[in-house]
Each structure stands twice: as structure tokens, then as C-alpha cells.
1. Quick check on my filter: what residues within the range B:70-86 are aliphatic (A, V, I, L, M) and either modelled with pLDDT under 95 or touching a strand residue (DSSP E or B) at 6+ places or on another chain (Cβ under 9 Å) (or both)?
2. Looking at B:LEU97, B:LEU118, which is the one that is in a loop (DSSP other than H, G, I, E, B) and surrounded by 20 or more Cβ atoms within 10 Å (Cβ to Cβ)?
3. From the residues in the range A:60-97 that are in contact with an Asp or Glu (Cβ under 7 Å, 6 or more places away or on another chain) and aliphatic (A, V, I, L, M), which one is nearest to A:CYS169 (Cα to Cα)?
4. Testing B:THR130 on (1) closer than 30 Å to B:PHE183 by Cβ; (2) within 16 Å of DNA strand D (Cβ to nearest atom), one condition comes back false. Which one is that?
5. Among the residues of the range A:41-62, count how many are outside any strand (DSSP E or B) and either at pLDDT below 95 or more than 14 Å from chain B (Cβ to nearest Cβ) (or both).
6. Within the range B:70-92, track down each residue that is near DNA strand C (Cβ under 8 Å from one of its atoms) and exposed (fewer than 15 other Cβ atoms within 10 Å of the Cβ).
7. Of everything in the range A:33-42 that's out of contact with any Phe, Trp or Tyr (no Cβ under 7 Å at 6 or more places or on another chain) and not hydrophobic (A, V, I, L, M, F, W, C), which residue is surrounded by the most Cβ atoms within 10 Å (Cβ to Cβ)?
8. How about the range B:31-40: which of its residues are in a helix (DSSP H, G or I) and away from DNA strand C (no atom under 13 Å from the Cβ)?
2 protein chains.
Amino acid sequence: MTAASLPEERRRAAIPEATIARLPVYLRALHGLAEDGLVTVSSEELAEAAGVNSAKLRKDLSHLGSYGTRGVGYDVEHLVEQISSALGLQRPCSVVLVGVGNLGRALAGYGGFASRGLAIDALLDVDPATIGQQISGLTVRHLDELPGMVTGASIGVIATPARAAQEVCDRLVAAGVTSILNFAPTVLSVPPHVDLRKVDLSIELQILSFHEHRKATGAAT
Amino acid sequence: MTAASLPEERRRAAIPEATIARLPVYLRALHGLAEDGLVTVSSEELAEAAGVNSAKLRKDLSHLGSYGTRGVGYDVEHLVEQISSALGLQRPCSVVLVGVGNLGRALAGYGGFASRGLAIDALLDVDPATIGQQISGLTVRHLDELPGMVTGASIGVIATPARAAQEVCDRLVAAGVTSILNFAPTVLSVPPHVDLRKVDLSIELQILSFHEHRKATGAAT
DNA sequence: CCGGTTTTGTGAACGCGTTCACAAGCGCGT
DNA sequence: ACGCGCTTGTGAACGCGTTCACAAAACCGG
């Protein structure tokens, strides 16, 4: 079955953002189930493992046209391929990480990337003391060497202090990077053709603080 | 079930989740503006600095009953207090971090916490080589010392490998922690009275991979 | 003191995502 | 072969969040 020539290709472009954000979670859950030797999995089981509602899971999977078998469930291996394909993990992007501080090292050593087809290809910094170090099998190089490193589809990861983030971002864009993941706690501006996502380590903590505070005051009733 | 039993009169407790998630961003933007010497700020300016729509910003602020001045804008200092108060950052929770690997060190050294009233109070691990080390002014202690550390409102942060996360989570819950932030790439289960949030460093990267992939294949059309 | 200008606060419309509920489909036991 | 039970896929309803558009309110210059 050549799925590529089917009109399903149009459906792929219409996957809701919320679904895409959950696909990596399903993928991880599936890997875990596969290691346990499971061959098929029902939506109920997979939903449990992924921590979501089973109806939501089925709707999500339906968006990428994956076909389970009614009365049986989903073939684990096939589903892994489907999701990996949908996420574009079969032909992995090159990932350039800028900023080899504590967070940068954590990211470089993070196992979750390589096992999913996303490996970091280059570590860049500007600190002379850091340049030349070997970290997770990569040699840290100077940020100036960035031009020419970006070949084809590339993702840039910013793990620098906030004050350096915008300049690094501009240099990434200038080098041809079209997707940027920002860990620095600052708002970046990019040209419209560049995808920008951010992860702020402290925001989630502040959200928890809110709930904790609300619990404390609410309990006083 | 706690939300269902809440009376409608407590409108302050009814701040939408989406709004809460943005308040920390506003707070950070306000800190930046305050350093620039701004005394008042319009919704347009603040929205720009925070990277959101101005209408959204106004609606968000209206939820916490903060009053700006029509024709003028918001008083920066007052707004900072309002948001800090709403997030419960004025009486900071104690934060316990478990797992002093690369990521744990990054979190311990992350400036964004302390400056917002959220300081990490304890670093715990089980690795004998790590215990006793001084990191960011704190001495790493053994996880066994956790009981008794949790006084009043506390937040637990899990930065361990995935395989250890559930056990650490259970021990945090047993010690009385009611809010947990999980950085380990695994699904945790907690009792219903415990708030659980997660940050998966690799998920955002996979989402970017999807968009990158889509851009590449979409351009071929 | 008053019209003009600026900006907030918010009701209403819209769109997206979640949830519900059930028909359609598949395998299995008899 | 055939019904029976299980599970998927999905239309429909619902709820939440975003966006729009504008009235109300405050300041300012004359």
C-alpha cells in the first residue's frame, strides 16, 4: 500500500496541533510496551500507559490515518512506524545546540533524543574554557563555526543565558535554521518563516506554586 | 471533585488554567520593563514584551481583578504585586529537588527560580558520589532524609532517570508533598489529591521535527 | 469646564479540542 | 456458517479559550 500517493497525504497536513503534542507521548509509551513483548495493544491500554483518555487517543490516531483492527486493537510495531513517520523522525533532522552550560550538558546527555531518531549533531558555545571539551561524544566548537553547519532541515536549540538568546537566535536564523527551540527565559522574535517554540523551566514551577497556594487558602474555608 | 464542590462566589479561584500559564510570562516581562525604568505600561506594550495578543492580555489581567487606568495603562509595580500574589509567590513554597544529575544541576543553578520567590531548598540523590557535594549553595543529601524535610506547602521536582521516577514520586507523596513537577520522560501516577505536571525536554523537539518535516514535504507540492 | 483622545474592561461570536455515545467491523467459539 | 462480544472509528454535543469590537472611563489641552 503506497500511502504516499493516497489523498491521505492531505490529511497529514491537517493533524491538529494538540494531537501532535501528544504523539511523542504515545510513541514513548509504545516503546515501553514493545519492550514488554506486547504485539497488539488496545486503545484502552495504550491510553492508560500514556496517561490520557482512550477516546482522545483513538481520535488522535484516526487523524494520522492509522488503522487498528476492530475487536483486537493496534499492532504495536506498525503504530510506532506510523507515528514516527508522521513526526518525521524516520529521516532525522540535524540538531544544533548552542550554549553548553548546565542545561546544555543535560540536553546533550539526554537519552530521549537519540532513541527517537533525534540526535544532537553539534555543540556550540562562545566560552573559551568550554570550547574543545568532549561532551557526550561531541566536541564543543565555537559559535562562529555555525555557518555551513546547517545542511537541509535543521533545528536549533538555545540553552544560553537569557541575555545572549536573541543574538544566538538571529545567528541561527541567518545560518538557515528554520526551527528553534528556546530554553532561555526570554521572548524571542523571529522571521515569520521560522518556527519557534519555548520551554521555560520555571513556568511550570510557578503554576504549581499557584495550585499549592490555592489549596492552602481553599483549605482554610 | 474538589473543583465541582467549589461555590461560584469565589471568582478569584476561578482563574482559567490558560491564564495562569501565562501569568509567569507577564511577570517576567514586567520585571524587564521595570528594570528599564517604566512606571506604567499599556496592554499593547506589555503584550508585545510578553509575546501575546493585547486583547488576551487584558482579559487575563481582568480575571485576577487587577485594575489598570483607562487611558493610561497599568502601574508596573502594582501589577507585579498582583500577579505575584495571584501565583502565591509572596509566601514562597519550599521546593525539594530529587536527582542531581546534569538536569538537576541545571535546575539548581537556574536563576529564574530565586528571582521569582521560588528557591530550591533541598537537593537529594541516592548516588554516594554525589551526596555531600556543594551545588548552588546547597549540600546534596540522601533521599532517605526526605521525611521531615517537607514542612507545610511543598513542591517536589523529579529530575531522575525515568526508571527511578515512580519510586521517587511515591516517596515524595509519602513525605507529604502535594505538588510534583516531573522532568523524567515517563508517565507517573499519583493519588488524586496530588498535583502533577510534567516537562518533557524531548517532546518539544519532536514537535519541531514534525513541523520541519511538514515544511520539507509541503514545499515539494 | 468640556470635547477629544487614549486605553481599559468585557459582552458576544467564533474556533478548537475534548468528551460522549454508538454504529461498523473484526475475530472467535460453537 | 453464524451470532456474539469486543474494539475501533467517528458524528455530534459540549466546554474552554481566543479574538473581535465597542462602550465606559480617565486624562489633557484649550
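The values are calculated or read from the model by the stated rules, or taken from the named source; none is laboratory data. Just so you know, these numbers come straight off a predicted model, no measurement behind them. All Cβ positions, glycine included, derive from the backbone under ideal geometry; neighbour counts span all protein chains shown.
1. Once the filter is applied, which keeps residues that are aliphatic (A, V, I, L, M) and either modelled with pLDDT under 95 or touching a strand residue (DSSP E or B) at 6+ places or on another chain (Cβ under 9 Å) (or both), the range B:70-86 yields B:VAL72, B:VAL76, B:LEU79, B:ALA86.
2. Every option except B:LEU118 fails the conditions.
3. Out of the qualifying residues, it is A:VAL96.
4. (2)
5. So in the range A:41-62, the residues outside any strand (DSSP E or B) come out as A:42-62.
Imposing the further condition that a residue be either at pLDDT below 95 or more than 14 Å from chain B (Cβ to nearest Cβ) (or both) reduces the set to A:42-44, A:54-56, A:58-59, A:61-62.
Total meeting the criteria: 10.
6. Hits for the range B:70-92 are B:ARG70, B:GLY71, B:VAL72.
7. The residue in question is A:SER42.
8. Selection gives B:HIS31, B:GLY32, B:ALA34, B:GLU35.
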